Amino acid sequence: MDSLGSFALLLALCISAYAIAAALLGVWKQKPLLQQSAERATIAVGGLVLVATGCLVVSLLRDDFRLAAVASHSNRALPVFYKFSALWSGQEGSLLWWSCILACYSALVVLLNRRNYRHLMPFAVATLMSVQFFFLLLNNFAANPFRLLGVETAAGLQIFSPPDGGGLNPLLQHPAMVIHPPMLYLGFVGFTVPFAFALSALITRSKGENWIHITRRWSMVAWGFLTIGVILGGRWAYAVLGWGGYWGWDPVENASLLPWFTGTAFLHSVMMQEKRGMMKVWNMVLIFTTFFLCIFGTFLTRSGILSSVHAFAASPIGPYFTTFLVISLTITVAILLWRLPFLRSENHLDSMLSRESSFLFNNLILLAVMFAVLWGTVFPLISEAVKGVKITVGAPYFNKIAIPMGLLLLLLTGVAPLFAWRRTSIESLRRNFTRPLLFAAVIAVASFPYGVRGLYPLVTVFLSAFVIATIVAEFYRGARVIRQKQKVNWLAAAIHLTHRNTRRYGGYVIHFGVALLFIGFVGNALSVEQAAELQPGDEIALRNYRFVLRELEQTENDNYISNRAHIDVSKNGKFLTTLFPERRLYKASQQPTTEVDIRSRLSEDIYLVFAGMTDDQERAVIHAYINPLVMWVWIGGLVMVLGTIIALIPSLPPTALAPARRRKRAKEKARDEVPA
């Protein structure tokens with residue numbers, strides 16, 4: 001398998017180089033056959049990288065410890081479920097996975113556009129294959145996943161196979177980590193496609209908004225996967241790390257969030273270009289920035305230059321990434337400046353009270369948050385370069401910036417649907433704003449007795465309720481018209497309304513999810529915790545809860561040894577459940593981990609951590625947390641994903657009839673055709 005995988009990667013590298021040359025030469029020499037050859041080469045690269053990835057997966061499943069990647073990240077006792085995820089847990093496998101996803105995306109682009117956009121395809125193929133060539137260089141020379149272990153002997157280098165491997169990092173042995181990295185990669189890599197078409201549109205001076213129409217769904221798919229990846233990353237941190245939270249502004253967490261900010265700004269601002277022919281330069285800059293932030297995030301995660309629980313150890317690939325970023329960024333900026341006169345706006349902002357202005361402010365705030373998070377993330381590197389000491393920026397800095405900016409974004413999320421294009425009248429604002437504002441005020445006042453205190457929590461509740469009210473009002477107004485015309489129930493009317501304009505109403509569903517997400521964030525201000533050293537029979541009292549340690553149990557399997565606490569939970573004197581937090585020691589790596597136990601409800605989570613035993617091994621160290629509203633973070637994420645799926649569904653054409661009307665017409669036609 002190692003020989004086949006190595007050969008496939010080397011051949012893929014050569015063919016990707018050929019695809020770049022053939023695509024560009026085909027345009028220069030006006031040779032359509034060369035352009036088609038480049039596209040076929042792109043499909044061939046996809047097949048070869050898939051073969052190489054399959055070879056590594058088979059090696060992991062077979063416990064082929066001759067391979068350094070297998071010996072370092074797997075072991076015989078590791079469940080098959082996690083052996084597959086070991087593919088992306090190490091440096092070499094993760095970069096191969098990056099190449100595999102890009103190869104599949106590139107092949108899909110070619111297959112879907114074999115007869116379309118012929119003027120754009122050669123440059124799009126050349127761009128995609130250039131990025132592919134870079135990652136295949138890493139796969140072949142800097143981080144080869146098929147590198148064999150060897151020992152020097154008198155007879156020369158001898159291949160060595162240890163009896164067992166070092167095992168997968170215990171922190172990664174969680175179901176969320178089987179899904180989270182692929183989702184994040186699908187998002188990161190997916191933004192390469194709109195980047196390639198945007199660059200192609202600049203080079204060819206493509207008229208109209210063709211490149212936006214081509215890449216809108218690609219951008220939505222990438223953004224959707226990135227959203228899933230970020231939410232699952234938070235869920236993993238919450239369920240595995242044992243600190244009671246789900247977002248700690250870790251450098252690698254930030255790396256996943258940076259392109260999400262710019263990608264969100266891009267998806268909003270392209271509507272300005274489609275509707276009004278505005279912000280053409282801005283959209284190019286946004287999609288280019290999103291792509292480079294994805295590459296930068298990959299670099300941060302894999303170079304080891306910043307300390308993080310998510311990051312890989314220090315490696316020699318940093319100079320490769322730096323060189324690629326510098327060269328590709330220079331070429332991209334040069335092309336953008338060269339074609340700048342071609343990107344003149346066709347219209348200008350007519351009024352500050354308009355949907356255009358709300359999109360503009362939305363973009364500015366998203367970019368401001370992105371720059372603030374980027375600065376805090378790279379500041380340790382800057383401080384080390386200037387002063388020789390790494391100064392880490394903590395959560396207080398990020399919260400100070402992100403919370404007020406996030407609330408402004410939440411406000412715009414509710415305001416934007418109420419504004420009209422071009423100009424909004426004062427009377428329209430009064431009519432559309434009055435009821436949502438009253439509803440939001442009532443909800444904010446009603447939340448006060450439930451412990452919501454302080455400026456930020458109250459404003460968050462108020463704005464979340466305002467957003468929900470405006471979205472419900474938009475659905476209600478549209479569904480009411482359809483219901484009256486077609487005589488259908490409210491649900492059927494809402495479904496038909498959404499199907500008529502999936503992009504618009506899918507966006508509203510995403511905004512609804514964002515509001516739910518912010519409701520979940522309010523819980524951070526209401527959380528309480530307590531730690532204690534307990535013997536069986538001892539208890540912790542926290543708010544109206546009691547946590548009684550009943551017993552400590554030790555278990556063992558082939559993979560780890562576990563100490564498990566049995567803790568009875570009661571509320572107001574009434575027994576609720578028994579939770580079982582654990583402390584594990586993984587045999588292969590000899591690393592201890594904490595396995596929290598969580599009782600989740602819509603109102604609050606009970607979160608218990610078994611932090612270990614005291615030095616005398618007589619008492620268990622237990623941390624108890626009451627985390628209100630956390631469930632709404634995960635629900636909000638699911639609703640955002642649902643909205644993304646809705647927005648990807650093609651809308652009904654304007655002439656399409658509702659199902660009820662079609663059935664009515666069919667019955668009338670059948671009745672008319674019955675002979676008298």
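The values are calculated or read from the model by the stated rules, or taken from the named source; none is laboratory data. Model, not experiment: these values are computed from the prediction. Glycine also receives a Cβ, built like all others from the backbone with ideal geometry; neighbour counts cover every protein chain displayed.
Just one of the numbered conditions (1) under 24 Å from GLY245 (Cβ atoms); (2) in contact with a Phe, Trp or Tyr (Cβ under 6 Å, 6 or more places away or on another chain); (3) surrounded by 18 or more Cβ atoms within 10 Å (Cβ to Cβ) is not true of TYR560; which one?
(1)
What number of residues within the stretch 206-219 are surrounded by fewer than 21 Cβ atoms within 10 Å (Cβ to Cβ) and either under 24 Å from ILE645 (Cβ atoms) or in contact with a helix residue (DSSP H, G or I) (Cβ under 8 Å, 6 or more places away or on another chain) (or both)?
6
Kindly indicate the residue of the stretch 624-647 that is in contact with a Phe, Trp or Tyr (Cβ under 8 Å, 6 or more places away or on another chain) and β-branched (Val, Ile, Thr) and also surrounded by the most Cβ atoms within 10 Å (Cβ to Cβ) among those meeting that condition.
Of everything passing the filter in the stretch 624-647, VAL630 is surrounded by the most Cβ atoms within 10 Å (Cβ to Cβ).
Would you please name the residue that is nearest to the chain's Cα centre (by Cα), looking only at residues in the stretch 64-83 that are among the aromatic types (Phe, Trp, Tyr) and crowded, with 21+ Cβ neighbours inside 10 Å?
Applying the filter and picking the extreme gives TYR82.
Restricted to the stretch 595-637, and to residues that are touching a strand residue (DSSP E or B) at 6+ places or on another chain (Cβ under 7 Å) and among the polar types (S, T, N, Q), which residue is farthest from ASP538 (Cα to Cα)?
Looking at residues that are touching a strand residue (DSSP E or B) at 6+ places or on another chain (Cβ under 7 Å) and among the polar types (S, T, N, Q), I get SER603.
Would you confirm whether any residue within the stretch 325-346 is outside any helix (DSSP H, G or I), over 25 Å from the mean Cα position of the chain (by Cα) and hydrophobic (A, V, I, L, M, F, W, C)?
No, that holds for no residue.
Restricting attention to strands (runs of 3 or more DSSP E) lying wholly within the stretch 547-624, give those where 2 or more residues are at pLDDT 90 or above and either closer than 16 Å to ALA532 by Cβ or not assigned by TED's automatic domain parsing to the domain that holds LEU534 (or both).
Those strands (runs of 3 or more DSSP E) span 560-571, 604-613.
Among the residues of the stretch 354-366, which ones are modelled with pLDDT under 85 and either surrounded by fewer than 17 Cβ atoms within 10 Å (Cβ to Cβ) or among the acidic types (Asp, Glu) (or both)?
Scanning the stretch 354-366 gives a single hit, GLU356.
Do we have any residue at all in the stretch 551-567 that's closer than 30 Å to LEU410 by Cα and touching a helix residue (DSSP H, G or I) at 6+ places or on another chain (Cβ under 8 Å)?
no
Mind checking which pairs have a first residue in the stretch 407-436 that is under 12 Å from ASN362 (Cβ atoms) and a second that is assigned to a loop (DSSP other than H, G, I, E, B) and not polar (S, T, N, Q), Cβ under 9 Å, 6 or more apart or different chains?
Once the first residue is under 12 Å from ASN362 (Cβ atoms) and sits in the stretch 407-436, its partners that are assigned to a loop (DSSP other than H, G, I, E, B) and not polar (S, T, N, Q) give PHE419/LEU353.
Could you count how many residues in the stretch 17-60 are closer than 17 Å to LEU111 by Cβ and small (Gly, Ala, Ser)?
The number of residues fulfilling the criteria is 8.
Residue check: is LEU542 closer than 30 Å to LEU172 by Cβ and touching a residue at least 12 places away in the same chain (Cβ under 8 Å)?
no
Can you spot a residue in the stretch 251-262 that is of a type in the set (Ser, Thr, Tyr), in a helix (DSSP H, G or I) and under 18 Å from PRO181 (Cα atoms)?
Checking the stretch 251-262: at least one residue is of a type in the set (Ser, Thr, Tyr), in a helix (DSSP H, G or I) and under 18 Å from PRO181 (Cα atoms).
Could you give every pair whose Cβ atoms fall below 7 Å, whose first residue belongs to the stretch 605-617 and is of a type in the set (S, T, N, Q), and whose second residue is in a loop (DSSP other than H, G, I, E, B), counting only separations of at least 6 or pairs across chains?
Filtered contacts from the stretch 605-617: no entries.
Among the residues of the stretch 229-236, is there at least one that is basic (Lys, Arg), modelled with pLDDT under 95 and touching a Leu at 6+ places or on another chain (Cβ under 7 Å)?
no
Quick check, is LEU497 touching a helix residue (DSSP H, G or I) at 6+ places or on another chain (Cβ under 7 Å), at pLDDT below 95 and within 29 Å of ARG217 (Cβ to Cβ)?
Judged against the criteria, LEU497 is a match.
With the stretch 108-205 as the region, which helices (runs of 4 or more DSSP H) entirely inside it contain at least 1 residues that are under 30 Å from LEU340 (Cα atoms) and assigned by TED's automatic domain parsing to the domain that holds ALA239?
175-190, 192-204
What residue, among those in the stretch 236-264 that are of a type in the set (Gly, Ala, Ser) and under 15 Å from the mean Cα position of the chain (by Cα), is surrounded by the most Cβ atoms within 10 Å (Cβ to Cβ)?
Going through the qualifying residues, I end up with GLY263.
Considering only residues of the stretch 16-45 that are among the charged types (D, E, K, R) and in a helix (DSSP H, G or I), which is surrounded by the most Cβ atoms within 10 Å (Cβ to Cβ)?
Taking the candidates together, the pick is GLU39.
Does the stretch 77-88 contain any residue that is touching a His at 6+ places or on another chain (Cβ under 6 Å) and either hydroxyl-bearing (Ser, Thr, Tyr) or over 27 Å from VAL125 (Cβ atoms) (or both)?
There is at least one residue in the stretch 77-88 that is touching a His at 6+ places or on another chain (Cβ under 6 Å) and either hydroxyl-bearing (Ser, Thr, Tyr) or over 27 Å from VAL125 (Cβ atoms) (or both).
Specify which of the listed residues (LEU629, LEU648, LEU608) is within 23 Å of the chain's Cα centre (by Cα), aliphatic (A, V, I, L, M) and on the phi < 0 side of the Ramachandran plot.
Going through LEU629, LEU648, LEU608 in turn, just one is within 23 Å of the chain's Cα centre (by Cα), aliphatic (A, V, I, L, M) and on the phi < 0 side of the Ramachandran plot: LEU648.
Given the options LEU61, LEU138, LEU120, name the one that is surrounded by fewer than 17 Cβ atoms within 10 Å (Cβ to Cβ), touching a Phe, Trp or Tyr at 6+ places or on another chain (Cβ under 9 Å) and at pLDDT 90 or above.
LEU61
With the requirement that a residue be hydrophobic (A, V, I, L, M, F, W, C), farther than 22 Å from GLY167 by Cβ and under 30 Å from the mean Cα position of the chain (by Cα), what does the stretch 576-602 give you?
Selection gives ILE598, LEU602.
Would you point out the residue of the stretch 292-346, among those that are hydroxyl-bearing (Ser, Thr, Tyr) and crowded, with 18+ Cβ neighbours inside 10 Å, that is modelled with the lowest pLDDT?
Checking each candidate, the answer is SER303.
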